[in-house]
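Down below is the structure, laid out as structure tokens.
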Amino acid sequence: MSKLLIVGSMAFDQIETPFGKSHKTMGGSANYISLSAAMFHAPSAVVSVVGDDYPTAFIEALSQRHIDTSGIEVVAGGKTFFWSGKYHNDMNLRDTLDTQLNVLADFCPIVPTEFADAEVVMLGNLHPCVQMKVLDQMSTPPKLVIMDTMNYWMTHTHKELLEVIARIDVLTINDEEARQLTGEYALVKAAERIMAMGVKYVIIKKGEHGALLFHADKVFFAPALPLAEVFDPTGAGDVFAGGIAGYLAKTGDYSFENLKNALIHGSNLASFCIEKFGTERMLSLTEEEMYERLQDFKDLTQFDIVVRN
């Protein structure tokens with residue numbers, strides 16, 4: 001197994017969907033990614049920041065899954081990052097009601113010494129300068145750097161974002177963000193433009209319509225499992241990325257063929273995340289449930305076809 005270093009936000013989320021409302025649930029990209037990656041038992045550590053208002057039980061939930069939490073800074077007298085959002089009846093659409101950066105505004109990541117040589121690094125959605133500081137602290141070059149980002153950074157920190165992208169191996173963004181980053185509407189052309197920036201693999205998320213993996217002239221499509229109900233899609237993209245990172249760290253195989261497997265594992269885990277508010281479902285998920293549903297994915301995608309009679 002390879003060491004996995006995870007960097008991202010830890011937050012309080014307050015979420016409202018057509019099915020109900022939560023109050024200050026455990027959220028943030030680092031939590032979703034870590035809980036997802038932990039399903040594969042690769043040695044991992046998380047780097048983030050919280051205020052002293054953050055429940056110790058939330059950090060202990062990571063420790064109980066053998067995630068190194070020594071890289072989580074607790075700011076005395078500080079308040080934890082807070083996000084509030086409301087989803088429409090079309091769960092692909094949401095309104096951000098409130099964002100309070102709090103201690104995240106001045107976050108300076110410190111990589112634990114034991115993970116400065118991590119083979120796999122997962123850069124959650126943060127300011128590009130924060131992501132760059134993490135890469136600068138690695139004692140040996142990681143074998144694989146996976147990065148998530150969003151349209152806000154493309155608009156406000158474009159130069160810095162491109163500098164980080166030039167140092168990574170895998171970029172995961174949604175279709176709208178891929179188009180904004182490249183100016184290309186066709187996703188194939190958008191992926192080609194991103195790979196020209198120095199990225200080896202491009203993963204373009206399409207929500208309930210699955211995800212596309214691009215590498216050189218190869219393309220792979222991973223479906224999303226059709227579900228009868230979507231309770232809360234918050235964090236599903238981070239769980240997807242965490243599943244990919246965790247599986248790759250477990251296998252130590254960073255080939256295109258194995259990334260195809262990783263995408264299916266990521267999609268599988270994301271299908272659980274949306275069943276309950278926030279991280280609630282990921283906290284209760286068992287390996288048995290994970291592998292049972294993986295069979296559903298296999299049944300969904302496996303078929304025999306005669307190409308030519």
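Key figures
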item	result
Any hit, the range 97-111, residues being over 21 Å from ASN125 (Cβ atoms), open to solvent by 60 Å² or more (accessible area, probe 1.4 Å) and not small (Gly, Ala, Ser)	no
Residues within the range 131-153 that are of a type outside the set (Phe, Trp, Tyr), open to solvent by 10 Å² or more (accessible area, probe 1.4 Å) and part of a helix (DSSP H, G or I), tallied	5
Some residue of the range 246-256 being under 21 Å from ILE59 (Cα atoms), at pLDDT 95 or above and either out of contact with any Gly (no Cβ under 8 Å at 6 or more places or on another chain) or open to solvent by less than 20 Å² (accessible area, probe 1.4 Å) (or both)	yes
Selection count where residues are of a type in the set (S, T, N, Q) and under 25 Å from TYR201 (Cα atoms), scope the range 257-309	7
Inter-residue pairs, beta-carbon under 6 Å, first of a type in the set (D, E, K, R) and in the range 146-170, second open to solvent by 10 Å² or more (accessible area, probe 1.4 Å) and part of a helix (DSSP H, G or I), 6+ apart	GLU160/CYS129; ARG167/LEU135
Residue in the range 271-283 that is open to solvent by 10 Å² or more (accessible area, probe 1.4 Å) and of a type in the set (Gly, Ala, Ser) present	no
Residues within the range 2-57 that are at positive phi and over 14 Å from the mean Cα position of the chain (by Cα), tallied	3
Test result for SER267, open to solvent by less than 20 Å² (accessible area, probe 1.4 Å) and either in a loop (DSSP other than H, G, I, E, B) or touching a strand residue (DSSP E or B) at 6+ places or on another chain (Cβ under 7 Å) (or both)	yes
Residues of the range 24-37 classified as surrounded by fewer than 23 Cβ atoms within 10 Å (Cβ to Cβ) and not in a strand (DSSP E or B), total	1
Residues of the range 211-224 classified as surrounded by fewer than 16 Cβ atoms within 10 Å (Cβ to Cβ) and either among the charged types (D, E, K, R) or in contact (Cβ under 8 Å) with a residue 12 or more places away in the chain (or both), total	4
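The values are calculated or read from the model by the stated rules, or taken from the named source; none is laboratory data. Because the structure is predicted, anything quoted here is derived from the model rather than measured. Note that each Cβ is placed from the backbone with ideal geometry, even for glycine, and that neighbours are counted across all protein chains shown. We work out accessible area using only protein heavy atoms, side chains counted, and drop any ligands, DNA or RNA first. Shrake-Rupley method; radii C 1.70, N 1.55, O 1.52, S 1.80 Å.
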